[in-house]
1. Can you compute the modelled spin-label distance between residue 84 and residue 69, with each label point 7 Å from Cα toward Cβ, in nm?
2. Going by C-beta contacts inside 10 Å, put 82, 2 in order with the fewest on the left.
3. From the list [x] 100; [y] 112; [z] 163, can you say which value of volume of the Cα convex hull per residue in Å³ was derived from the structure given?
4. Find how much the distance from residue 140 to residue 102 grows on full extension, using 0.36 nm per residue of separation minus their present alpha carbon separation; answer in nm with one decimal.
5. Residue 113 to residue 25: extension gain in nm, 0.36 nm per residue of separation minus the Cα-Cα distance?
6. Can you show me the helix-derived [θ] at 222 nm for the chain, built from DSSP H runs with n ≥ 4 at -39,500 (n - 2.57) apiece and divided by the number of residues, rounded to the nearest 500.
7. In what sequence do 25, 148 fall when counting other Cβ within 10 Å, fewest first?
8. In the chain, what % of DSSP beta bridges are antiparallel (nearest 5)?
């Protein structure tokens with residue numbers, strides 16, 4: 001597996017992003033999907049990576065810098081043909097490594113609730129993320145939850 005900066009003009013990357021957004025809309029009620037679309041991933045302060053095996057895209061993940069001390073994990077998605085191969089874990093490590101390199105002290109994320117999100121929640125919790133309060137512009141509801149990872153300096 002090779003992780004590199006995502007080429008958001010690549011049709012395979014865009015197809016996976018469309019799949020990601022469709023899955024989020026299928027698993028969350030209207031008005032409760034906060035996933036970034038293509039324009040959101042192209043915004044300043046957002047870095048996107050993709051995982052590849054040969055010509056096949058395995059997954060995507062992004063880091064959105066919120067301020068000088070905090071980042072947000074965004075748009076984590078493993079292609080359905082490549083589940084349980086460590087793709088999500090590898091992309092999450094890339095996001096965490098970049099957050100550390102930027103000197104961020106905390107990574108946060110917002111995700112849905114319910115069985116469709118269990119695998120992602122397991123991944124995040126295994127990596128040390130813990131539940132906590134809303135952050136940024138998010139508002140807590142029955143349909144979302146927030147996880148945070150402290151990144152010790154030094």
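Read-outs: derived from the displayed coordinates by stated rules, not from any lab. Keep in mind that this is a model prediction, so the values were computed, not measured. Note: ideal-geometry Cβ built from the backbone for every residue, glycine included; neighbour counts use all protein chains shown.
1. The answer from the label model is 4.2 nm.
2. Working: 82 17, 2 10.
Going from sparsest to densest Cβ surroundings: 2, 82.
3. [y]
4. Numbers: separation 38, 0.36 × 38 = 13.68 nm, distance 2.79 nm.
10.9 nm is the gain from fully extending residue 140 to residue 102.
5. The span from residue 113 to residue 25 would gain 30.4 nm if fully extended.
6. Working: 4 runs with 45 residues, N = 154.
For the chain, the value works out to -9000 deg cm²/dmol.
7. Details: 25 13, 148 17.
Taking fewest neighbouring Cβ atoms as first place, the list is 25, 148.
8. Details: 28 of 31 bridges.
Around 90 percent antiparallel, to the nearest 5.
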